[in-house]
There are 2 protein chains.
Amino acid sequence: MEPKKIAVEEVDTAYDLMHKMVHRTPILRSRLLDELTGCTLFVKTENFQRTGSFKMRGASHAVAVLSPEQKEKGVLTHSSGNFAQALALAAKDQGVKAYIVMPENAPKVKVAAVRDYGAEIITSGSRPLDREEMAEEVRQRTGATFIHPSNDRAVILGQATCAYEFHQDRPDLHVIMAPVGGGGLIAGTILATQLLNPSCSIIGAEPFNVDDAYRSLQSRKIETNASAQTIADGLRTNLGDINFPIILGGLERIIRVEEAEIIEAMQWIWERMKLVAEPSAAVPLAAVLKEKERFAGKKVGLILSGGNVDVSDLPF
Amino acid sequence: MEPKKIAVEEVDTAYDLMHKMVHRTPILRSRLLDELTGCTLFVKTENFQRTGSFKMRGASHAVAVLSPEQKEKGVLTHSSGNFAQALALAAKDQGVKAYIVMPENAPKVKVAAVRDYGAEIITSGSRPLDREEMAEEVRQRTGATFIHPSNDRAVILGQATCAYEFHQDRPDLHVIMAPVGGGGLIAGTILATQLLNPSCSIIGAEPFNVDDAYRSLQSRKIETNASAQTIADGLRTNLGDINFPIILGGLERIIRVEEAEIIEAMQWIWERMKLVAEPSAAVPLAAVLKEKERFAGKKVGLILSGGNVDVSDLPF
């Protein structure tokens with residue numbers, strides 16, 4: 001069955017429903033980065049978002065749209081990353097039980113963060129299949145609603161509120177950029193941009209090493225990655241059947257960047273903007289630095305997607 | 001000769017003269033740090049200030065108040081730290097030549113930053129006396145006006161604009177805190193607080209290892225440090241005859257913190273607030289964490305003084 005198309009006006013409804021559950025993150029500027037890139041950059045600081053990433057938006061919205069019966073039985077996901085923390089806190093905010101399946105090799109600090117938000121953690125084997133099987137087992141046992149981190153209507157609409165605020169605060173952007181991982185953020189960015197600033201170009205950014213989305217746009221079907229060898233650990237996942245049609249119809253293109261370019265952009269953000277950004281969040285700036293001509297003289301909005309990083313284990 | 005006392009109303013004049021030369025830095029909050037400390041924290045992000053620290057305020061004001069004749073001959077300081085960059089850029093902004101005496105062992109990255117701002121760098125030996133002698137030699141040769149990084153009327157009034165903005169944006173603070181190094185920032189904080197919110201307590205924070213200001217308040221004369229062994233490299237200097245009387249009359253007290261407490265507070269700021277802060281800037285938060293009872297339930301303003309740090313050389 002073809003998934004029901006999302007109408008751009010649904011972003012308005014999503015924003016009204018959940019914007020009070022998240023921070024309206026500031027948009028920052030940097031003269032030094034403007035000089036370096038030759039364009040006028042606006043940076044939406046989702047590293048300041050609750051739980052340290054934009055994922056809090058999608059998680060909050062996904063919990064908010066559940067029926068009372070669904071809320072009673074709780075929510076469930078499998079993730080070792082930012083969505084785990086986000087769903088745990090969003091559920092806690094709304095008085096809903098959260099079950100989070102995390103692989104046995106997940107970083108202890110991330111497991112502790114999810115537990116601090118009051119979620120029940122279920123440990124699975126470390127292969128993707130292990131997690132999915134464990135999640136299905138929990139779903140059958142508890143009746144909890146499974147929420148996918150990126151390929152879910154309500155999650156995509158929640159992520160759309162980031163670009164929605166961006167265009168409200170900066171109605172003059174020529175280009176808006178976001179990293180492309182599982183596709184939830186970029187799909188939401190497309191919906192909000194089509195709604196509020198349809199003449200603004202939308203460009204994705206992705207590591208060369210996991211360029212499944214780039215190849216998917218070429219082949220017009222969902223491609224996967226042979227390896228997951230990138231420092232941008234939030235961008236290793238593939239697109240899904242709900243977000244891919246949106247991406248296919250809305251994106252100007254995807255710029256791919258090398259690992260060294262990601263690290264360099266991350267260091268610029270830390271040292272010049274004084275912001276703690278995770279590698280995935282530095283990918284759009286790396287793309288601007290790589291193709292300066294495309295952006296010269298333009299007003300470019302970058303979604304700095306998150307800041308969850310172990311500061312004792314940095315690539316520089 | 002007794003230096004002429006600074007009237008608090010002079011902060012108004014200083015603000016009017018130079019506020020357009022600097023950023024009005026945002027005031028950020030953190031629910032997690034509020035929970036951790038038991039008070040309501042407001043953080044004035046001078047790490048986002050031009051040149052990465054509050055020093056840009058004092059330098060901009062010190063250049064702005066010069067006579068046309070003085071501006072013609074240039075400005076001069078000796079510094080290997082944030083004031084060197086700040087004076088170089090403030091001078092460039094205002095079309096004034098800057099001479100910066102830097103010790104031969106100054107970090108290359110800092111020398112390069114000062115040079116990028118168009119200042120003339122004069123290299124001296126590494127002992128404090130070497131720098132002072134070299135600065136005096138440059139002064140006699142060029143006729144440039146020497147500007148002290150912290151013990152200078154115009155510099156103190158410039159630093160005061162930080163707390164001035166803080167109280168304008170947050171007129172309800174119970175306590176305002178700043179680190180104590182050479183005394184320029186804390187003296188300016190006192191002046192602005194006496195002007196705009198006289199019932200607000202003013203508390204300084206200082207590393208145990210360089211607790212000259214703490215001891216100076218005890219003995220009521222300017223004390224020096226036997227060693228300079230602290231990670232908070234911005235706080236190694238002593239008070240001066242212009243800022244000390246202000247500090248003596250205006251400070252509730254100074255809280256001293258251990259090196260490990262500074263590093264821990266710095267890590268909280270990085271990992272929880274997602275801000276790049278230099279060690280000196282973390283000292284006030286370390287003080288709040290050390291004496292939670294003093295701050296319980298209060299609205300506490302912290303001046304996060306700067307973010308200039310080599311991210312490839314971190315203490316965690």
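The values are calculated or read from the model by the stated rules, or taken from the named source; none is laboratory data. Only a predicted model underlies this, so the values are computations on that prediction, with no experimental measurement involved. With ideal geometry, Cβ positions are generated from the backbone for all residues, glycine too; neighbour counts draw on all protein chains shown. Protein only, heavy atoms only, side chains kept; ligands, DNA and RNA dropped before computing areas. Shrake-Rupley method; radii C 1.70, N 1.55, O 1.52, S 1.80 Å.
The other copies place their A:Gly143 label points at 9.0 nm from this one, listed shortest first, where each point is 7 Å from Cα along Cα→Cβ.
GNM on chain B, alpha-carbon springs under 10 angstrom: the most fluctuating residue among B:Pro179, B:Pro26, B:Pro128 is B:Pro128.
With a Cα cut-off of under 15 Å and a minimum spacing of 8 residues unless on different chains, the lysine pairs in region A:56-146 number 4. Between the amide H of B:Thr145 and those of B:Gly74, B:Val75, B:Leu76, distances stay under 5 Å, these residues lying 5 or more places away or on another chain, with hydrogens modeled in the peptide plane. Per the Debye formula on identical point scatterers at the alpha carbon atoms of region A:56-146, with no solvent, log10 I(q)/I(0) at q = 0.11, 0.20, 0.24, 0.25 Å⁻¹ is -0.25, -0.85, -1.19, -1.27. Ordered from longest to shortest, the equivalent ellipsoid semi-axes for region A:109-267 are 28, 20, 17 Å, each the square root of 5 times a Cα gyration tensor eigenvalue. Going from the chain on its own to the full set of protein chains, region B:272-303 has these residues losing 20 Å² or more of accessible surface (heavy atoms, 1.4 Å probe, no ligands, DNA or RNA): B:Lys274, B:Val276. On the protein heavy atoms, probe 1.4 angstrom, tell me the percent of accessible surface of chain B carried by carbon and sulfur. Roughly 48 percent of what the probe reaches on chain B is carbon or sulfur.
Averaged over peptide B:306-314, the number of partner chain Cβ atoms lying within 10 Å of each residue's Cβ comes to 4.
Each copy carries a label point for B:His23 at 7 Å from Cα toward Cβ; from one copy, the others' points are 1.5 nm away, ordered from shortest. Surface exposure of chain A, expressed per residue as accessible area with a 1.4 Å probe, stands at 40 Å².
Sorted shortest first, the separations between the B:Leu129 label point and its copies elsewhere in the assembly read 7.7 nm; each point sits 7 Å from Cα along the Cα-to-Cβ line. The helix-based estimate of mean residue ellipticity at 222 nm for chain B, built from -39,500 (n - 2.57) per DSSP H run of four or more residues and divided by its residue count, is -13500 deg cm²/dmol to the nearest 500. Computed from the alpha carbon atoms alone, the convex hull of chain A holds 123 Å³ per residue. Comparing B:Gln194, B:Gln267, B:Gln229 in a Gaussian network model of chain B where C-alpha atoms under 10 Å apart are linked, the largest mean-square fluctuation is found at B:Gln229. Leaving ligands and nucleic acids aside, the B/A contact buries around 1800 square angstrom of accessible area in total at a 1.4 Å probe radius.
Around the Cα centre of region B:56-146, unit charges on the Cβ atoms of Lys, Arg, Asp and Glu (plus for the first two, minus for the last two) sum to a dipole of about 220 debye.
A P(r) calculated from all alpha carbon pairs of the protein assembly as shown, with 20 Å bins opening at zero, reads 19, 48, 27, 5, 0 percent. From largest to smallest, the equivalent ellipsoid semi-axes obtained for region A:216-316 from the alpha-carbon gyration tensor read 25, 18, 12 Å. At a Förster distance of 51 Å, what's the computed FRET efficiency of A:Glu69 paired with B:Glu137, Cβ-Cβ distance as r, to 0.05? FRET efficiency, A:Glu69 to B:Glu137: 0.05. Hydrodynamic analysis of region A:1-124 uses the Kirkwood radius over alpha carbon pairs. Inserted into Stokes-Einstein at 37 °C and 0.692 mPa s, it gives a translational diffusion coefficient of 202 µm²/s. Segment A:Asp16..A:Ala226, full-extension length gain: 71.6 nm, with 0.36 nm per residue of separation and the alpha-carbon distance subtracted.
Considering only B:Phe166, B:Phe48, B:Phe295, the mean-square fluctuation computed in a Gaussian network model of chain B, springs between alpha carbons under 10 angstrom, is largest for B:Phe295.
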